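Here the structure is laid out as structure tokens; the discussion comes afterwards.
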Amino acid sequence: MNSLQFDHRELYRRPNGRTVALLTPQILSEVENELVNNLSNGLFFIVINSGATSSFNAAQFKNSSMKKSELSPSIIEAALTHIIENLDKYPKVIAALRGGKIGYHDKGAMLNDMGVRNFVIQGSATVDNVM
């Protein structure tokens, strides 16, 4: 039995550039809203406010923030990538970051998963920690 709540193959899946063509304004909005919610109220809020760093892949984001969504991890990955690459067009995300940073890399999280996209959120040590 798999203890992960998502397909373990997601830990080794590499991004597919063609998936970006499947993005719609509705998909981008859904992913943006969940990202903003998590940055404002969820685990990422703690990361932002503590100055810590957290990394995750799209399957983990789906499992923790978008369980009820019908979007696949690959579509979520494409949407998160698009949002990060066009961050200036997403003022709600910028505001929710509160001086923190968001990015991604394709180095994976383990030794044998080079090429797997991981998203990284880095909190700001200068965030006003009023809750």
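The values are calculated or read from the model by the stated rules, or taken from the named source; none is laboratory data. Just so it is clear, the structure is predicted and the values come from calculations on it, not from any experiment. Ideal geometry is used to build each Cβ from the backbone, glycine not excepted, and the neighbour counts take in all protein chains shown.
Numerical summary
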read-out: Within the stretch 57-107, considering residues that are of a type outside the set (S, T, N, Q), assigned to a loop (DSSP other than H, G, I, E, B) and without any contact (Cβ under 8 Å) to a residue 24 or more places away in the chain, the one surrounded by the most Cβ atoms within 10 Å (Cβ to Cβ); value: LYS107
read-out: Pair list, Cβ under 8 Å, 6 or more apart: the stretch 23-47 residue closer than 15 Å to ILE84 by Cβ and touching a residue at least 40 places away in the same chain (Cβ under 8 Å), other residue polar (S, T, N, Q) and assigned to a helix (DSSP H, G or I); value: LEU35/SER65; PHE44/ASN38
read-out: Failed condition for ILE83, given (1) modelled with pLDDT under 95; (2) within 15 Å of VAL120 (Cα to Cα); value: (1)
